[in-house]
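Inspection log for the structure reproduced underneath, given as structure tokens.
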Amino acid sequence: MMMMDMINILIGILILIIGVMIGVAFLTLLERKVLGYIQIRKGPNKVGFMGLLQPFSDAIKLFTKEQMYLNYSNYIIYYFSPIVSFILSLMIWMLIPYYFNMISFNLGVLFFFCCTSLGVYTIMIAGWSSNSNYSLLGGLRAVAQTISYEVSLSLILMSCIIMIMNFNLISFNFYQSLIWLIFLMLPLSLCWMSSSLAETNRTPFDFAEGESELVSGFNIEYSSGGFALIFLAEYTSILFMSLMFSLLYLGGYSLSLIFYLKLVFVSFFFVWVRGTLPRYRYDKLMYLSWKIYLPVSLNFLLLFIGLKIFFY
């Protein structure tokens with residue numbers, strides 16, 4: 001019986017990974033279409049019906065291109081950092097609190113922070129091992145940015161945990177059956193949203209890939225498969241951050257179409273922001289994290305601790 005359970009879990013994880021990959025493929029298509037319409041032009045519309053097969057043709061193109069080898073790079077680290085980054089971004093998806101056939105984490109929130117923290121190292125190593133000034137600068141910027149916003153994300157999440165007193169993500173569903181947490185902590189949910197934009201290196205916080213000053217940031221020396229894996233890791237984490245927002249503030253996880261529509265709307269918000277806002281200045285980004293989000297999240301944390309003590 002134990003063996004059968006293990007096989008079931010492995011099959012479930014495999015199906016989950018395939019689902020995530022297809023989701024990422026169509027998220028890239030959604031982004032290109034929405035950005036096209038924002039800029040009053042058509043997005044991809046040639047390959048397949050209305051461009052539906054475009055992501056798959058892009059994937060085939062990227063993975064069949066010749067891999068470039070740099071003479072002066074730290075080759076093994078340079079080669080493996082995108083793979084590790086991709087594996088980490090897929091590992092976080094085990095946290096989805098399915099009610100069947102999957103792993104249930106009692107410490108799911110801690111696992112989430114462990115995996116997102118490790119993602120910093122892959123960016124740093126990818127930037128350093130390429131042995132290029134631009135990629136090193138992009139990697140350094142990304143590390144400073146990600147570490148700063150991890151502090152912000154963890155303190156914001158502490159407020160939710162204080163309200164629920166549980167690290168398991170399934171419990172967020174039970175506690176939001178009457179009222180969504182977004183109504184109880186609206187300012188914090190908005191802080192979480194913009195912090196997750198910064199955490200996933202998205203516009204207006206895309207300093208790691210600052211095209212105007214760093215050509216392409218930490219991934220400048222990557223081509224074909226390596227670039228594709230970095231790209232996939234980024235979009236996988238965007239999708240997961242959208243899932244976390246829906247879990248924490250929009251009613252928790254439920255096996256319903258409405259939950260997935262909420263997830264798609266939050267993902268659409270990431271794209272919408274990219275089409276609307278210009279890039280921030282780097283010092284403004286740090287100012288926002290340490291002088292605005294940190295005090296706000298600490299004050300809300302004290303408020304919710306006080307409420308918890310008062311109502312006990």
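Read-outs: derived from the displayed coordinates by stated rules, not from any lab. As the structure is a prediction and not an experimental result, all values here were calculated from the model. Every residue, glycine as well, gets a Cβ built from its backbone with ideal geometry; the counts of neighbours run over all protein chains shown.
So is Arg202 touching a residue at least 60 places away in the same chain (Cβ under 8 Å), charged (D, E, K, R) and not in a helix (DSSP H, G or I) or not? So Arg202 passes the test. The test for being under 21 Å from Ala228 (Cα atoms) and touching a helix residue (DSSP H, G or I) at 6+ places or on another chain (Cβ under 8 Å) does not hold for Val151.
Residue pairs whose Cβ atoms lie under 8 Å apart, sitting 6 or more positions apart in sequence or on different chains, and linking a residue in the stretch 170-183 that is closer than 14 Å to Gly108 by Cβ to a partner that is among the aromatic types (Phe, Trp, Tyr), are Ile170/Tyr99; Ile170/Tyr253; Phe172/Tyr253; Asn173/Tyr253.
Of everything in the stretch 151-196, what is part of a helix (DSSP H, G or I) and in contact with a Lys or Arg (Cβ under 9 Å, 6 or more places away or on another chain)? Give them in sequence order. Those that are part of a helix (DSSP H, G or I) and in contact with a Lys or Arg (Cβ under 9 Å, 6 or more places away or on another chain): Ile162, Met163, Ser196.
Within the stretch 241-255, can you find the residues that are at negative phi and either in contact (Cβ under 8 Å) with a residue 24 or more places away in the chain or touching a His at 6+ places or on another chain (Cβ under 6 Å) (or both)? Talk me through it step by step, then tell me what you get.
Of the residues in the stretch 241-255, the ones at negative phi are 241-250, 253-255.
Hits for the stretch 241-255 are Met241, Ser242, Leu243, Met244, Phe245, Leu247, Leu248, Tyr249, Leu250, Tyr253, Ser254, Leu255.
When each of Tyr72, Tyr121, Tyr79 is tested for being hydroxyl-bearing (Ser, Thr, Tyr) and assigned to a loop (DSSP other than H, G, I, E, B), the lone residue that passes is Tyr72. Would you pick out the residues in the stretch 50-83 that are closer than 27 Å to Thr276 by Cβ, crowded, with 16+ Cβ neighbours inside 10 Å and of a type outside the set (Asp, Glu)? Those that are closer than 27 Å to Thr276 by Cβ, crowded, with 16+ Cβ neighbours inside 10 Å and of a type outside the set (Asp, Glu): Gly51, Gln54, Pro55.
Taking the stretch 13-49 as the search range and keeping residues that are outside any helix (DSSP H, G or I) and charged (D, E, K, R), which one is surrounded by the fewest Cβ atoms within 10 Å (Cβ to Cβ)? Of everything passing the filter in the stretch 13-49, Arg41 is surrounded by the fewest Cβ atoms within 10 Å (Cβ to Cβ). Among residues of the stretch 131-149 that are at negative phi and part of a helix (DSSP H, G or I), those with a beta-carbon under 6 Å from a residue that is surrounded by 20 or more Cβ atoms within 10 Å (Cβ to Cβ) and among the polar types (S, T, N, Q) at least six positions away or on a different chain give the pairs Ser148/Ser289; Tyr149/Ser195; Tyr149/Ser289.
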